[in-house]
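Inspection log for the structure reproduced underneath, given as structure tokens.
The values are calculated or read from the model by the stated rules, or taken from the named source; none is laboratory data. Note that this is a predicted model, so its numbers are computed, not measured. As a convention, Cβ positions derive from the backbone with ideal geometry for all residues, glycine included, and neighbour counts pool all protein chains shown. In case anyone asks, the SASA skips ligands and DNA or RNA and just uses the protein heavy atoms, side chains included. Shrake-Rupley method; radii C 1.70, N 1.55, O 1.52, S 1.80 Å.
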Amino acid sequence: MSLTPVLTDTWDKDRSWRLATYESNGGYAGLKKALTMEPGALVQAVKDSGLRGRGGAGFPTGMKWGFLPPPDGGPRYLVVNADESEPGTCKDIPLMLASPQHLIEGVAITSFAIGCDHAFIYVRGEVLHVYRRLLNAVDEAYKAGYLGKNIQGSGFDLDVTVHAGAGAYICGEETALLDSLEGLRGQPRLKPPFPAVAGLYARPTVVNNVESIASVPAIIAKGADWFSSMGTEKSQGHGLFSLSGHVTTPGQYEAPLGITLRELLDLSGGVRAGHELKFWTPGGSSTPIFTADHLDTPLDYESVGAAGSMLGTRALQIFDETVCVVRAVSRWTDFYAHESCGKCTPCREGTYWLKQVLHRIEAGEGQDGDLELLLDLCDNILGKAFCALGDGAVSPITSSIQHFRDEYQAHIDGHGCPFDPSASALFPYTPKTRTPGALAGAGAGGH
């Protein structure tokens with residue numbers, strides 16, 4: 001299977017982020033065509049294309065647009081979720097950095113399709129370079145008449161606001177994002193009502209991922225059949241696959257859905273020289289891990305799901321045999337415990353205790369029964385947390401114990417980690433020693 005540069009088609013051009021570069025490579029042809037179509041026809045075209053949300057859930061994009069109630073004379077909004085921050089997930093930020101006009105054109109087309117005259121792009125505040133680039137790109141689009149009043153003489157008006165978040169992972173959850181955009185503390189809302197009915201400022205709102213919206217211009221310009229001709233029957237189109245870790249040439253690989261990791265490794269030079277694949281994530285650190293046995297699993301929503309994981313954000317983190325699974329999973333758990341918003345008890349308390357138990361195992365102070373304790377904690381979080389953060393936090397733990405239980409047991413029986421952390425580093429590295437913490441000695445009754 002070969003690569004399909006669509007969103008990445010201008011990344012190697014001189015000053016690829018400038019509007020002139022984008023226009024000279026066919027940019028804004030989709031918007032010009034869209035403005036001659038009926039909004040309902042645009043929604044139907046996206047439905048026909050089979051485009052599914054590229055933010056992780058994979059919900060059909062056109063169907064999501066179609067959930068908006070009939071116009072009532074009041075405002076309705078488009079909100080682009082650009083709050084990318086999960087460990088290993090790194091596709092939207094490079095896209096906005098290298099070619100922000102893909103996103104802005106998609107915002108204009110989507111807004112016209114759903115009857116929105118004010119759209120918001122919520123970007124992670126720490127990525128200041130991306131925020132500045134988006135601001136400049138929006139300014140260029142205004143000056144060229146692709147945003148603002150009477151766009152391209154069509155009578156359609158659209159304002160776009162680029163909003164910098166404060167850096168909370170939970171704000172990647174769509175309703176927490178909406179609360180943050182309204183100036184409130186970013187915490188998930190109870191659903192229903194769903195954003196399509198009562199979203200931003202209690203008005204009908206479409207919330208989509210950056211890559212989802214950026215994929216719209218080519219669908220309109222080239223046709224739904226062109227898009228649906230790629231990928232698989234139920235996972236259609238192209239997508240960005242982010243390869244990182246122990247791979248010879250890490251980076252973004254844009255390919256049809258259904259490509260396998262084996263094929264992507266062939267394209268990227270394989271696992272780093274002299275080493276072999278041990279485990280990997282198909283959709284980011286919040287998805288159950290895979291092993292070398294899954295090299296030929298098609299990377300589409302259905303196949304990855306059937307194999308026991310999720311396609312997620314297609315963040316393929318590659319780990320070779322030098323990596324300690326316990327250490328890697330413990331680092332991810334530190335992240336989820338830190339980023340828990342604290343709204344619900346299972347996630348707030350559960351991730352804290354997961355972190356404590358993993359720390360003591362890694363530090364050589366693990367106890368018999370700790371694996372059962374971990375699995376019991378995970379069972380008390382999975383499906384019981386207010387949002388998906390809790391489920392994402394337990395996925396790497398349960399899947400790593402499933403595939404590498406002996407490695408966990410070796411830490412407990414050997415009273416220490418059998419791996420040298422510096423062996424997995426790609427550069428000179430002095431590892432920090434870990435202490436299990438004052439509360440890490442709690443037994444099975446401690447939670």
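Sorting 230, 37, 310 by solvent-accessible area of protein heavy atoms yields 310, 37, 230, largest first, with a 1.4 Å probe.
Taking the DSSP beta bridges with both ends in the chain, the antiparallel portion is around 45 percent.
So, R0 is 30 Å and r is the distance between the beta-carbons of residue 12 and residue 295; what FRET efficiency does that work out to, to 0.05? If you can, show how the numbers build up before the last one.
Numbers: r = 29 Å, r/R0 = 0.96.
FRET efficiency, residue 12 to residue 295: 0.55.
Using label points projected 7 Å from each Cα along Cα→Cβ, tell me how many nm separate residue 32 and residue 190, to one decimal. My value for the distance between the label points is 5.1 nm.
If the chain linking residue 161 and residue 368 were pulled fully straight, counting 0.36 nm for each residue of separation and taking away their Cα-Cα distance, it would gain 69.1 nm.
Against the longest principal axis of the chain, how steep is helix 388-413, in degrees 0 to 90 to the nearest 10, with axes from Cα atoms? It works out to around 30 degrees. Counting only lysines at least 8 places from residue 47 when in the same chain, those with an alpha carbon closer than 25 Å to its own are 32, 33, 64, 91, 191, 222, 234.
Of the chymotrypsin sites (Phe, Trp or Tyr not before Pro) in the range 62-94, the ones in a loop by DSSP (not H, G, I, E or B) with at most 15 other beta carbons within 10 Å are 67. Helix 325-339 and the longest principal axis of the C-alpha atoms of the chain enclose an angle of approximately 50°.
Between residue 23 and residue 152, the contour length at 0.36 nm per residue exceeds the Cα-Cα span by 45.0 nm. Computed from Cα atoms, the angle from the helix 100-114 axis to the main principal axis of the chain rounds to 70 degrees. A P(r) calculated from all alpha carbon pairs of the chain, with 10 Å bins opening at zero, reads 4, 21, 30, 25, 14, 6, 1, 0 percent. Estimated from helices alone, the mean residue ellipticity of the chain at 222 nm is -12000 deg cm²/dmol (sum of -39500 (n - 2.57) over DSSP H runs with n ≥ 4, per residue).
Among the protein heavy atoms of the range 70-125, carbon and sulfur supply 60% of the accessible surface, probe 1.4 Å, non-protein parts ignored.
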